[in-house]
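Only one structure is covered here, and it is reproduced in the block below.
The values are calculated or read from the model by the stated rules, or taken from the named source; none is laboratory data. Everything numeric here is computed off the predicted structure, so don't read it as measured data. Neighbour counts run over all protein chains shown; Cβ positions are idealised from the backbone, glycine included.
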Amino acid sequence: MSSSLRFIPNALCILRMLLVVPVAWLLANHEFRLTLWLFAFAAATDALDGFLAKRCGWTTELGKILDPLADKILLVGVFLTLAIMGLVPLWLAITAIGRDVIITAGAITYNALFGEIDGHPTWISKVNTLCQIVFVLLVVAAHAVGHVPRNVVIGLGALVFVTTVISGIDYVLTYSRKAVHVSRRRRGLPV
């Protein structure tokens, strides 16, 4: 593939960010079928940008920032809207949004105090993002078509909660250890 097309993964990330407003607007206006299709399209751009970046070697430093940021913006926007509408429990939305706020604040702090962060998501973070996307799709599908068993939605909501908490703790512990390591190295202490 041509290297002149290496902008495509980043463009897909930006498109995903731009889709947050229409997705939230459609959702807030109870346009569940359109929301379902648009959110599914946005989720597909996540898979496609990752595939293209890896398969074609189109990974960029900007993409390492844009991809997780686009995921966070999309999922925070949708979880917030769903919680305001009363379609997901407030505690679950707070957990999902809180994790992203903690990770983002931690990344900014780490970058300011200790240097560049490794932009690769952990496996539990990938699982969490997938669970959140599928959960949102099921919640919206339940209102769009009505054929989603309630127990499935509740079970997946519980899985979202567990993976969100584990992923958040994993990021905090990982970057706390890295911060201690960098700090000790800077002071000339054994690491």
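Scanning the stretch 144-156 for residues that are surrounded by fewer than 19 Cβ atoms within 10 Å (Cβ to Cβ), assigned to a helix (DSSP H, G or I) and either hydrophobic (A, V, I, L, M, F, W, C) or touching a residue at least 24 places away in the same chain (Cβ under 8 Å) (or both) turns up Ala144, Val152, Val153, Ile154.
Contact map, the stretch 30-51: residues that are free of Cβ contacts under 8 Å to residues at least 40 places away in the same chain and of a type in the set (A, V, I, L, M, F, W, C) paired with residues that are surrounded by fewer than 22 Cβ atoms within 10 Å (Cβ to Cβ) and not in a helix (DSSP H, G or I), Cβ distance under 6 Å, separation 6+ or inter-chain. Pairs shown: Ala42/Leu19.
Specify which of the listed residues (Leu74, Leu62) is out of contact with any Gly (no Cβ under 8 Å at 6 or more places or on another chain), in contact (Cβ under 8 Å) with a residue 40 or more places away in the chain, buried (at least 21 other Cβ atoms within 10 Å of the Cβ) and in a helix (DSSP H, G or I).
Values: Leu62 fails: buried (at least 21 other Cβ atoms within 10 Å of the Cβ).
None of the other options fit; the residue is Leu74.
Across the stretch 12-29, which residue is surrounded by the most Cβ atoms within 10 Å (Cβ to Cβ) among those that are free of Cβ contacts under 8 Å to residues at least 60 places away in the same chain and more than 17 Å from the chain's Cα centre (by Cα)? Restricting to residues being free of Cβ contacts under 8 Å to residues at least 60 places away in the same chain and more than 17 Å from the chain's Cα centre (by Cα), the top hit is Leu26. Here is the figure for the stretch 88-114: residues that are in a loop (DSSP other than H, G, I, E, B) and buried (at least 17 other Cβ atoms within 10 Å of the Cβ) total 1. When Ile117, Ile133, Ile124, Ile166 are checked against the criterion of being in a loop (DSSP other than H, G, I, E, B), touching a residue at least 24 places away in the same chain (Cβ under 8 Å) and surrounded by 14 or more Cβ atoms within 10 Å (Cβ to Cβ), Ile117 stands alone in meeting it.
Here Leu173 fulfils each of the conditions (1) assigned to a helix (DSSP H, G or I); (2) within 23 Å of Ala28 (Cα to Cα) apart from (2).
Do we have Gly188 as surrounded by fewer than 17 Cβ atoms within 10 Å (Cβ to Cβ) and touching a residue at least 60 places away in the same chain (Cβ under 8 Å) here?
Values: surrounded by fewer than 17 Cβ atoms within 10 Å (Cβ to Cβ): yes; touching a residue at least 60 places away in the same chain (Cβ under 8 Å): no.
So Gly188 does not fit the description; no.
Is the stretch 100-110 home to any residue that is closer than 25 Å to Ala28 by Cβ and either in contact with a helix residue (DSSP H, G or I) (Cβ under 8 Å, 6 or more places away or on another chain) or at pLDDT 95 or above (or both)? First the steps, then the outcome.
Taking the stretch 100-110 as the starting set, the residues that turn out to be closer than 25 Å to Ala28 by Cβ are 100-101, 104.
This time we only want the ones that are either in contact with a helix residue (DSSP H, G or I) (Cβ under 8 Å, 6 or more places away or on another chain) or at pLDDT 95 or above (or both), so: 100, 104.
For the stretch 100-110, residues closer than 25 Å to Ala28 by Cβ and either in contact with a helix residue (DSSP H, G or I) (Cβ under 8 Å, 6 or more places away or on another chain) or at pLDDT 95 or above (or both): present.
For the stretch 1-11, the set of residues classified as touching a Cys at 6+ places or on another chain (Cβ under 8 Å) and surrounded by 16 or more Cβ atoms within 10 Å (Cβ to Cβ) consists of Arg6 only.
Restricting attention to the stretch 33-47, the residues that are modelled with pLDDT of 90 or more, surrounded by fewer than 20 Cβ atoms within 10 Å (Cβ to Cβ) and of a type in the set (A, V, I, L, M, F, W, C) total 6. Checked against (1) surrounded by fewer than 12 Cβ atoms within 10 Å (Cβ to Cβ); (2) over 19 Å from Thr104 (Cβ atoms), Leu173 meets all criteria but (2).
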